[in-house]
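Please read the structure below before turning to the comments.
The values are calculated or read from the model by the stated rules, or taken from the named source; none is laboratory data. All values reported here derive from a predicted model rather than from experimental measurement. Using ideal geometry, Cβ is built from the backbone for each residue, glycine included, and neighbour counts are taken over all protein chains shown. Surface areas here come from the heavy atoms of the whole protein model, side chains and all, with no ligands, DNA or RNA. Shrake-Rupley method; radii C 1.70, N 1.55, O 1.52, S 1.80 Å.
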Amino acid sequence: MSPWERLLERPHSRGHFVQLYEADEVALTKNVGHYLWEGLRRGDGVLVIATPEHQELFSKHLDSLGADLAQAIGTQQLNFWDAQQTLAQFMVAGQPDWQRFEKVIRGAMRQVRPTERAEGLRAYGEMVGILWKARQFAAAIRLEQFWNKLLEQSSFSLYCAYAIDVFGKEFEVANLEGVLCTHTHMVPSQPDGKLETALNRSMDEILGPKADALRVLIKANHRPAWAVMPTAESIVLWLRKNLPEHADQIVSRARHHYHLLLQPDSSLVGGE
């Protein structure tokens, strides 16, 4: 089991995770499913604030893992909330309002019931992702800050998701500074290292012997204020900022390698 899988299995209290998933929705389903399933299995209360489409995907994946969803929902150990409807309850003039946010989210949390043998609570949310997709970037970061304020006051873990393509030009430091600074960890698209393998293969093919020296520089580039990041995502950010003349070519070829590596898992799209 990778360190990232262990993190999702046993998230530390007040952990605030983020995953960027547009390039691979299968990976989001698997990672979030693992996080939710381990919470249910350990008796934690689980709150999921997601789109109807993702609720269905997560439910199917949890069912395939052996979760008794009817029982978990019936006992209120697992609660699903619609992300768009929940978001609308605390937005004022295009920005989240703290007092309304706190009232809505604390109310949702109170409805979740851990089992008698547990006290933990883990949450998953896509409201920030909805704001980001609507290009309401400042509102999304403000909402992340509200979540962090709530995390400071309460004991739970939080997993967020954004429909951002790690292979796309939007995935660069200038656009993501606020996202990186408001989370404790960025969850890799593939905890088993497929994305890193694809990027390393692409760098070797395009840069040749220079690739090894660049990897050393990239490793030293992490900013302390940022979330703990997977190697692959760190590589892409570094390339976009420091090697723009080769970044597009490397990332484009890495996308090709990545999809070839993913082919055995393609049956997960749209359900099991």
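Given H placed on each backbone N at 1.01 Å, which residues far from Val228 in sequence or on other chains put an amide H within less than 5 Å of it?
His185, Met186
Where the centroid of each part is defined by its Cα atoms, how far is the stretch 165-204 from the stretch 34-67 in Å?
Their Cα centres are 24 Å away from one another.
At 1.4 Å probe size, with no ligands or nucleic acids counted, give the accessible surface of Phe137 in Å², nearest ten.
Probe radius 1.4 Å; accessible area of Phe137 about 70 Å².
If the stretch 155-272 were replaced by its equivalent ellipsoid, with semi-axes equal to the square roots of 5 times the Cα gyration tensor eigenvalues, what would those be, largest first, whole Å?
Working: eigenvalues 102, 86, 31 Å².
Sorted largest first and rounded, they come to 23, 21, 12 Å.
Could you give P(r) for the stretch 72-211, binned at 5 Å from zero, as whole percent values over all Cα-Cα pairs?
Cα pair-distance distribution for the stretch 72-211, in percent: 2, 8, 16, 19, 16, 13, 10, 7, 4, 3, 2, 0.
Pick out, in residue order, every one of the trypsin sites (Lys or Arg not before Pro) in the stretch 171-272 that is DSSP loop and has at most 15 other C-beta atoms within 10 Å; say none if there are none. Each step should come with its number before you reach the end.
Working: sites: Lys194, Arg201, Lys210, Arg215, Lys219, Arg240, Lys241, Arg253, Arg255; in loops: none.
Qualifying residues, ordered by number: none.
If I take R0 = 30 Å and measure r between the Cβ atoms of Ile73 and Lys103 in this structure, what FRET efficiency does the formula 1/(1 + (r/R0)^6) give, to the nearest 0.05? List each step's numbers first, then the result.
Numbers: r = 24 Å, r/R0 = 0.78.
Calculated value: 0.80.
Which whole-Hz ³J(HN,Hα) couplings does the stretch 119-136 yield from phi under the Karplus relation 6.51 cos²θ - 1.76 cosθ + 1.60, θ = phi - 60°, glycine and proline marked x?
10, x, 9, 10, 10, 10, x, 10, 5, 4, x, 5, 5, 5, 5, 7, 6, 9
Calculated from DSSP H runs of 4 or more alone, at -39500 (n - 2.57) each and per residue, what is the 222 nm mean residue ellipticity of the chain, nearest 500?
Numbers: 13 runs with 152 residues, N = 272.
After summing the helix terms and dividing by residue count, I get -17000 deg cm²/dmol.
Which residue, Gly45, Gly74, Gly129, tops the fluctuation ranking in a GNM of the chain built on C-alpha contacts under 10 Å?
Of Gly45, Gly74, Gly129, the most mobile in the Gaussian network model is Gly74.
Viscosity 0.692 mPa s, temperature 37 °C: what is the translational diffusion coefficient of the chain from Stokes-Einstein with a Kirkwood Rh over Cα pairs, rounded to a whole number of µm²/s? Spell out each step's value before the answer.
Numbers: Rh = 19.3 Å.
The estimated diffusion coefficient comes to 170 µm²/s.
For the stretch 1-111, what ratio Rg/Rh do Cα atoms give with a Kirkwood hydrodynamic radius? Write out the running numbers ahead of the final one.
On the way: Rg = 14.8 Å, Rh = 15.2 Å.
Rounded to two decimals, Rg over Rh is 0.97.
In the structure shown, do any of Lys133/Lys241; Lys60/Lys194; Lys60/Lys133; Lys149/Lys169; Lys60/Lys241; Lys194/Lys241 have a Cα-Cα gap over 28 Å, and if so which?
Pairs exceeding the cut-off: Lys149/Lys169; Lys60/Lys241.
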